[in-house]
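Structure, as structure tokens:
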Amino acid sequence: MADEEINEDYPGEIHEYLSTFENSIGAVDEMLKTMTSVSRKQLLQKLDPLKQAKVDLVSAYTLNSMFWVYLATQGVNPKEHPVKQELERIRVYMNRVKEITDKKKAGDLDRGAASRGRCNKCPLGTKT
């Protein structure tokens, strides 16, 4: 991007930021093309329900975040738009999925500890 001619329509100090932003938009575009090239059914059929929920939540959050940015570019304050409540609602569900994932991991760890066996004679129940 350093070889590009700097447009005189904006201050030169922000050229690097705009170039980075343009690259980011390109990356988002490529990701969207990848996600839309496969049907949702094909995408989710190999995932367990928890991972399916994660994909759905991340997709919804991403789309609403992009709409937030769109509103901001149109001069609309997204903090006063219903999209703010939608993002908060999605965030609540993301936290619920995280709690479930954490409990599942903790349960897996506890089963591992339980399967190693404990000494009933020791006060701390350490392994013999």
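The values are calculated or read from the model by the stated rules, or taken from the named source; none is laboratory data. Values in this document were obtained by computation on a predicted structure and should not be read as measured data. All Cβ positions, even for glycine, are placed from backbone atoms using ideal geometry, and neighbour counts span all protein chains on display. These area figures cover heavy atoms from the full protein model, side chains too; ligands, DNA and RNA do not enter into them. Shrake-Rupley method; radii C 1.70, N 1.55, O 1.52, S 1.80 Å.
Here are the numbers:
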quantity	calculated
Condition met for ASP56 (under 29 Å from LYS103 (Cβ atoms) and assigned to a helix (DSSP H, G or I))	yes
Close pairs from the stretch 30-57: first touching a residue at least 12 places away in the same chain (Cβ under 8 Å), partner outside any helix (DSSP H, G or I), Cβ under 7 Å, at least 6 apart	VAL55/LEU47
Within the stretch 59-78, tally of residues that are farther than 25 Å from LYS98 by Cβ and open to solvent by 100 Å² or more (accessible area, probe 1.4 Å)	2
Pairs, first assigned to a helix (DSSP H, G or I) in the stretch 87-103, second open to solvent by 60 Å² or more (accessible area, probe 1.4 Å) and of a type in the set (Asp, Glu), C-beta under 6 Å, six or more apart	none
Complete set of residues in the stretch 43-58 that are surrounded by 10 or more Cβ atoms within 10 Å (Cβ to Cβ) and modelled with pLDDT of 85 or more	LEU44, LEU47, LEU50, LYS51, GLN52, ALA53, LYS54, VAL55, ASP56, LEU57, VAL58
Criterion: part of a helix (DSSP H, G or I) and without any contact (Cβ under 8 Å) to a residue 24 or more places away in the chain - qualifying residue of VAL83, VAL76	VAL83
Test: residue in the stretch 26-42 that is over 16 Å from ILE90 (Cβ atoms), surrounded by 13 or more Cβ atoms within 10 Å (Cβ to Cβ) and either of a type in the set (Gly, Ala, Ser) or under 16 Å from the mean Cα position of the chain (by Cα) (or both)	yes
